[in-house]
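**Q** Just dropping this structure here.
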Amino acid sequence: MRERSGMKAVILAAGKGTRMLPLTERRPKPLVPVAGHPILEHIVGGLASAGVTDVCLVVGWMGDQIIEAFGDGTRLGARLSYVWQEEFGGTGAAVLLAEEFVGSDRFVLGWGDIIVPPENYRRMMAIYHEEQPEAMLAVNYVDDPWEGAAVYVCDGYVERIVEKPPRGTATTNYNNAGLFVFSAELLDLLKRTERSERGELEVPSAIQAMLERGSAIRALPIEGYWSDVARPCTAIAISGQIIDRMSHSGIILHPEANISAGAQLRPPVMIGPDAAVGSAIVGPNVTVMDGARIGDGAVLSDTIVMPGAEVGEGCALSWAVVEDGGAVAAKRTLAGSDTEAVCCGGE
């Protein structure tokens, strides 16, 4: 059994995920598969591996699907509870919905679309228990944090945060990674925080208030990959990084997969249960999920084939997602890019 950390977690998973369209037309973004598993499964599993097993999910858009998928959390080694966000008033408003769950305890806060290697959750808990900082904020290294929040760090602690600085103006490479540890004091601060120009109550505004009054916020640099899984192409890209990290060979085959002797698998590749791969070239960076079929002569790279989907003979797919139950006709070509994937099929 996993050791319990005594820490709770609140994960915000209520958004519509408009940038992930069309994959979010029929599922909430936290259920979009990455490396064969829903985004949220990676998050909850990572928390559970660090002993953070009491997790509250703030759900909204198609939230019933999340509840159906994860239930009480037993399958993931966690104890899940849910609160509904009926109106979208910002991240701070979402956190306040979990006030009864948090009580007077410290808690991990995370976004329901941020994926990091699970060892980062374990590092965060180890550092927290050793140093007992007032709060913690994870940061990830980027070329320019203009799309997120520039985090300025000195001697391991956060000095200031600049939300969405103009491109090229930040003098730090650290970005707000969307993973935190707070005390219940955050809830009181949020209640006193003014709404943004968009009329929303935002967690970063409360963090800024903490810094202005001298709170010591420990920075935690993320090790390994980091992704906000914003778009279908992002889901494809991060899948390959996760598969590479999960296997020394870069190839993960379920024992119940049916792989033709003529198939060429080029890592990273993941083939799920009951999937069938003919004499095809699969990879690099391909996930073939449960019960999917890949025909002879097909060539796939940078592609996710969802459960029950079929890719016909002689097809060529790159930067593509084939939806659940979808079918790509024989000899068809689907070619997206690392900035815009092609999405096909679905019932």
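The values are calculated or read from the model by the stated rules, or taken from the named source; none is laboratory data. Computed from a predicted structure; not experimentally measured. As a convention, Cβ positions derive from the backbone with ideal geometry for all residues, glycine included, and neighbour counts pool all protein chains shown.
**Q** Within the set of pairs 6 or more residues apart or between chains, which connect a residue that is assigned by TED's automatic domain parsing to the domain that holds residue 93 and within 21 Å of residue 137 (Cβ to Cβ) inside region 191-204 to a residue that is among the basic types (Lys, Arg) and assigned to a loop (DSSP other than H, G, I, E, B) with Cβ atoms less than 9 Å apart?
**A** 201/195; 202/195
**Q** Filter region 317-336 down to residues that are charged (D, E, K, R) and more than 22 Å from the chain's Cα centre (by Cα) and give me whichever is surrounded by the most Cβ atoms within 10 Å (Cβ to Cβ).
**A** 332
**Q** Does residue 48 satisfy the criteria of being within 23 Å of residue 122 (Cα to Cα) and not assigned by TED's automatic domain parsing to the domain that holds residue 269?
**A** It is true that residue 48 is within 23 Å of residue 122 (Cα to Cα) and not assigned by TED's automatic domain parsing to the domain that holds residue 269.
**Q** Criterion first (assigned by TED's automatic domain parsing to the domain that holds residue 112, assigned to a helix (DSSP H, G or I), of a type outside the set (Phe, Trp, Tyr) and within 20 Å of residue 177 (Cα to Cα)) does residue 12 satisfy it?
**A** Spelling it out, it is not the case that residue 12 is assigned by TED's automatic domain parsing to the domain that holds residue 112, assigned to a helix (DSSP H, G or I), of a type outside the set (Phe, Trp, Tyr) and within 20 Å of residue 177 (Cα to Cα).
**Q** Would you confirm whether or not region 19-30 contains a residue that is touching a Phe, Trp or Tyr at 6+ places or on another chain (Cβ under 9 Å), surrounded by fewer than 22 Cβ atoms within 10 Å (Cβ to Cβ) and β-branched (Val, Ile, Thr)?
**A** yes
**Q** Out of all the residues in region 293-314, is one or more among the basic types (Lys, Arg) and surrounded by 17 or more Cβ atoms within 10 Å (Cβ to Cβ)?
**A** For region 293-314, residues among the basic types (Lys, Arg) and surrounded by 17 or more Cβ atoms within 10 Å (Cβ to Cβ): present.
**Q** Another question, then. Quickly run through region 260-280 and pick out the residues that are in a strand (DSSP E or B) and surrounded by fewer than 18 Cβ atoms within 10 Å (Cβ to Cβ).
**A** 264, 276
**Q** Next question. Within region 196-213, can you find the residues that are in a loop (DSSP other than H, G, I, E, B) and of a type in the set (Gly, Ala, Ser)?
**A** Passing the criteria: 196, 199.
**Q** Right, here's the next one. Might you let me know whether region 82-94 holds any residue that is charged (D, E, K, R), modelled with pLDDT of 95 or more and more than 17 Å from the chain's Cα centre (by Cα)?
**A** There is no residue in region 82-94 that is charged (D, E, K, R), modelled with pLDDT of 95 or more and more than 17 Å from the chain's Cα centre (by Cα).
**Q** What's the number of the condition residue 303 fails, among (1) assigned to a loop (DSSP other than H, G, I, E, B); (2) closer than 18 Å to residue 239 by Cα; (3) among the polar types (S, T, N, Q)?
**A** Condition (1) is where residue 303 drops out.
**Q** Give the residues of region 124-143 that are within 20 Å of residue 43 (Cβ to Cβ) and surrounded by fewer than 17 Cβ atoms within 10 Å (Cβ to Cβ), sorted by residue number.
**A** Within region 124-143, 126, 127 qualify.
**Q** Would you confirm whether or not region 51-61 contains a residue that is among the hydrophobic types (A, V, I, L, M, F, W, C) and either free of Cβ contacts under 8 Å to residues at least 24 places away in the same chain or touching an Asp or Glu at 6+ places or on another chain (Cβ under 8 Å) (or both)?
**A** No, region 51-61 contains no residue that is among the hydrophobic types (A, V, I, L, M, F, W, C) and either free of Cβ contacts under 8 Å to residues at least 24 places away in the same chain or touching an Asp or Glu at 6+ places or on another chain (Cβ under 8 Å) (or both).
**Q** Could you list all residues from region 37-96 that are of a type in the set (D, E, K, R) and not in a loop (DSSP other than H, G, I, E, B)?
**A** Correct list: 41, 54, 64, 68, 75, 79.
**Q** For residue 251, state whether it is over 22 Å from the mean Cα position of the chain (by Cα), at pLDDT 95 or above and not assigned by TED's automatic domain parsing to the domain that holds residue 147.
**A** No.
**Q** Might you let me know whether region 284-293 holds any residue that is more than 20 Å from residue 235 (Cβ to Cβ), among the charged types (D, E, K, R) and either outside any loop (DSSP other than H, G, I, E, B) or modelled with pLDDT under 95 (or both)?
**A** Yes, that holds for at least one residue.
**Q** Right, next: In the set 227, 239, which member is crowded, with 19+ Cβ neighbours inside 10 Å, under 22 Å from the mean Cα position of the chain (by Cα) and under 30 Å from residue 190 (Cβ atoms)?
**A** 227
**Q** Moving on. Taking only pairs six or more apart or across chains, which ones have beta-carbon atoms under 6 Å, a first residue in region 93-111 that is more than 25 Å from residue 199 (Cβ to Cβ), and a second residue that is charged (D, E, K, R)?
**A** 105/8; 107/8
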